[in-house]
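Here the structure comes first, spelled out in structure tokens, and everything after it is commentary.
Just so it is clear, none of the values below were taken in a lab; they were calculated from the coordinates. Quantities reported herein were computed from a predicted structural model and do not represent experimental measurements. Cβ coordinates were reconstructed from backbone atoms using ideal geometry, including for glycine residues, and neighbour counts include every protein chain displayed.
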Amino acid sequence: MKQEELLAKRSGNQCELCGATGNLKVYEVPPATGNMEDAVLLCPRCLVQIEKKEELNSTHWQCLTTSMWNEVPAVHVMAWRMLNRLRNESWAAENLEMMYLDDERLAWAKASGDHESDGAVDLHKDCYGVVLHNGDTVILTKSLDVKGSTLNAKLGTVVRNIRLVPDNTGQIEGKIEGQTIVVLTKYLRKQNN
């Protein structure tokens, strides 16, 4: 039997954190060793928030008040990590106080360092904090000299169909006068449609 089938059987075909059904994915809890005991079955909504691809939705995570009692070590560890990321919420802090992890499980839960973060998502944002996406149109809020070029991008220049720089949320790529350049997001504002 495949890992996914075994996890589906273990979980009753439900997300092991929130209980949702449908489109479930295997998530290996870091630092994973490849054992089934290191994996959980998650719904897309839990997964994107765990991986910090979407802001934490406190209301959604109140499901942890139930899943934190799960006997499966990986589920227990994930519940503890997520409660820590939400520790500024009174309900999460109260649940953390009630939760017990033995030394070995606590070491695993702390191994990723994720419990120390607040769960903030690293997103590309313009100078006003508006989230940017691939394909957006932006406007320069400052005249910029383009390094290695004689090009001067003037204040108010429109840059269409931008691409987000994957490993740096402070930069985007775009074309100005036919030349692809990297622009700091702090010098951009998203154009409203």
Convex hull over the Cα atoms of region 47-193, averaged projected area in nm²?
11.1 nm²
How far apart, in nm, are the 7 Å Cα→Cβ label points at GLN62 and SER112?
2.4 nm
Sorted by mean Cβ packing within 10 Å, highest first, what order do the peptides 175-181, 157-163, 82-88 take?
82-88, 157-163, 175-181
Once both labels are modelled 7 Å past Cα along the beta-carbon direction, what's the ASN13-ASP103 spacing in nm?
4.3 nm
How large is ³J(HN,Hα) for each residue in region 81-94, as worked out from phi by the Karplus curve 6.51 cos²θ - 1.76 cosθ + 1.60 (θ = phi - 60°), to whole Hz, x for Gly and Pro?
4, 5, 4, 5, 5, 9, 4, 6, 7, 4, 5, 5, 4, 5
Do the sum for the chain: with -39,500 (n - 2.57) for every DSSP H run of n ≥ 4, divided by all residues, what is the mean residue ellipticity at 222 nm, to the nearest 500 deg cm²/dmol?
-7500 deg cm²/dmol
With ARG189 itself left out, Lys, Arg at +1 and Asp, Glu at -1 over residues whose Cβ is under 15 Å from its Cβ give +4
What FRET efficiency comes out for GLN179 versus THR141 if R0 is 22 angstrom and r is the Cβ-Cβ distance? Round to the nearest 0.05.
0.65
Once you have the Cα-Cα distance between LYS52 and ASN168, take 0.36 nm times their residue separation minus that, and quote the gain in nm to one decimal.
40.3 nm
